[in-house]
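The block underneath contains the structure these notes are about, expressed in C-alpha cells.
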Amino acid sequence: MQIAFFNTKLYERDWYERHQGHHQIHFFDEPLTPYHVSLAEGCRAVCASVNDNLCKLTLEGLKKAGVEVVALRCAGLDNVDLGAAERLGITVINVPGYSPFAVAEHAVTLLLALLRQLPEARSRIGRGNFSLDGLVGTELHRKTVGVIGTGHIGRAFCQIMQGFGCKVLAYDVRPQAKLVDIGLQYVSLEEVLQESDVVALHCPFNEQTRYLIDDRKLAQMKPSAILVNTSRGKLVDTDALLAALNRGKLAGYATDVYENEASWFGKDWSMEGVADERLNQLRRHPRVLMTAHQGFLTAEALEQIGRSLLNKLSFFEGQRAEGVTKASMC
Ligand code: NAI
C-alpha cells in the first residue's frame, strides 16, 4: 500500500524505511494540515503524528485525494474529528497501549528531577559551581501521590510510585477493581487534589477534560504540591497555572506537553526565537521542568508503535482485498 508519512522525524524515518516490507512509504517533513493534503495524492493511507491537524477540512481533502485510512502513530485520538472521519468513510487507526512504561518512566524522571533540583544542579556544575546552597530537595518516600486516569500509563505510574513507598490515591471515571487489589485507593477528584503531595495527570484530552486543572482546582491543591502532566497540554489552564506558581499556591510543574504545542514542538526555534509569551514564561520558570512531548521517545516504544501500525495497515489492506467495507480498528 502507498502510505504518505507526514511530519517525519529523523528518529523514526530509518526504522520505517527498514521495516516497510511490501508497503511503499513516502516521507514528508510537512505536518498534516488542510494545506498539505495534496501531498497524499495517490496514497491509500496516511500516517500522522500527535501534533497533526486532522480536522474536518483535512479529512475532506484526504478523501478527495483518495485516502481510505488514517494511521496515527500515537495513543490519543484528540487531534482527529472522528465524526467527520466516519461520515467520510475514512478508517482511523491508532496505537493505544504501546509501552506505557515509556511515558510513565518519563513522568517519574521529570518529577524526581524537579524534586531534587537537577536542572539547577547541572547548570551549576557546568559553570564550575559546586556549592549546595539552595538545592535542598524533597523525598518521595511516604508522600501521597494522586493519579488522575488509571489506564495503561496511569497504572504503570502508580506501580512505580508504590515502589518508592508512596501512598497512592487515584481518580478515574472508570475505576478498575484489579487496581484496588494491588493497593490503589480510588477517591473523589476533590480528595485527590486536596490530599496529594504530587498530582499526576494520565487521562485523555476531550471536551470533559479540557482545563481539568483550572484556577478552582489549583486552589484545592496543597501549595507545596507538584503537578505532573505527560498527557495533553489542554488538560491544564496555563494562565491559571502560571498565576498559581507565581503566587506560591503551587510548588512546581513537571510537564511534557503544552496547550499550544502543535505550533512549536518538534522543531528547533533557537535561531528565530519563540513568539509565544505563555510558552516562554513556562519554559523559563524556575519551578517548571518542561520537555517537548518526548515521553513516548524510547527505542522500545518506537519499535512497538511501528510494528503495531504496519501490522494494522496490512490487516486493513487484507480486509479491503476481501471486500470487507467497514473496518473498526482503533
Ligand atoms: P488509557 O486509555 O489506557 O487510559 C486513560 C484513562 O483515563 C482511562 O482509565 C479512562 O477511564 C481515564 N479517564 C478518562 N476520562 C477521565 C476523566 N475525565 N477523569 C479521570 N480519568 C479519566 O490511556 P493511556 O495509554 O494510559 O494514555 C493516557 C494519556 O497519555 C493519553 O490519552 C495521551 O493523552 C497521553 N500520552 C502521552 C504521551 C507522551 O509522549 N507524552 C504518549 C502516549 C500517551
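The values are calculated or read from the model by the stated rules, or taken from the named source; none is laboratory data. Only a predicted model underlies this, so the values are computations on that prediction, with no experimental measurement involved. Positions of Cβ are backbone-derived with ideal geometry, glycine not excepted, and every protein chain shown enters the neighbour counts. Side chains included, ligands, DNA and RNA excluded: accessible areas come from the protein's heavy atoms. Shrake-Rupley method; radii C 1.70, N 1.55, O 1.52, S 1.80 Å.
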Entries of Lys63/Lys267; Lys56/Lys312; Lys64/Lys312; Lys63/Lys312 with Cα pairs more than 25 Å apart: Lys63/Lys267
Ratio of Rg to Rh for region 6-100, alpha carbon only, Kirkwood? 0.94
Sequence-distant lysines (8 or more away, or on other chains) whose Cα lies within less than 24 Å of Lys178: Lys143, Lys167
Percent relative contact order for the chain, counting Cα pairs under 8 Å at least six residues apart, stands at 15 percent
Tally Lys and Arg at +1 and Asp and Glu at -1 over the other residues with C-beta under 15 Å from the C-beta of Phe157: what net charge comes out? -1
Could you check how much of the accessible area of the chain is carbon and sulfur, as a whole percent, using a 1.4 Å probe? 52 percent
Starting from the Kirkwood Rh over alpha-carbon pairs, what translational D in µm² s⁻¹ does the chain have by Stokes-Einstein at 10 °C and 1.306 mPa s? 75 µm²/s
Please give every one of the aspartates and glutamates within straight-line cross-link reach of Lys217, meaning a C-alpha to C-alpha distance under 19 Å, and leave out same-chain neighbours fewer than 8 residues apart. Asp172, Glu190, Glu191, Glu195, Asp197, Glu207, Asp237, Asp239, Glu259
Just in region 201-266: which trypsin sites (Lys or Arg not before Pro) are loop by DSSP and have at most 11 other Cβ atoms within 10 Å? Arg247
Which distance in nm do the two modelled labels at Thr298 and Phe315 give, with both placed 7 Å along the Cα-to-Cβ direction? 2.3 nm
Solvent-accessible heavy-atom area per residue, rounded to whole Å², over the chain at 1.4 Å: 49 Å²
Taking region 28-136, which GluC sites (Glu not before Pro) meet the DSSP loop condition and have no more than 15 other C-beta atoms within 10 Å? Glu41
About the Cα centre, charge dipole magnitude for the chain (Lys/Arg +1, Asp/Glu -1 at Cβ), debye: 480 debye
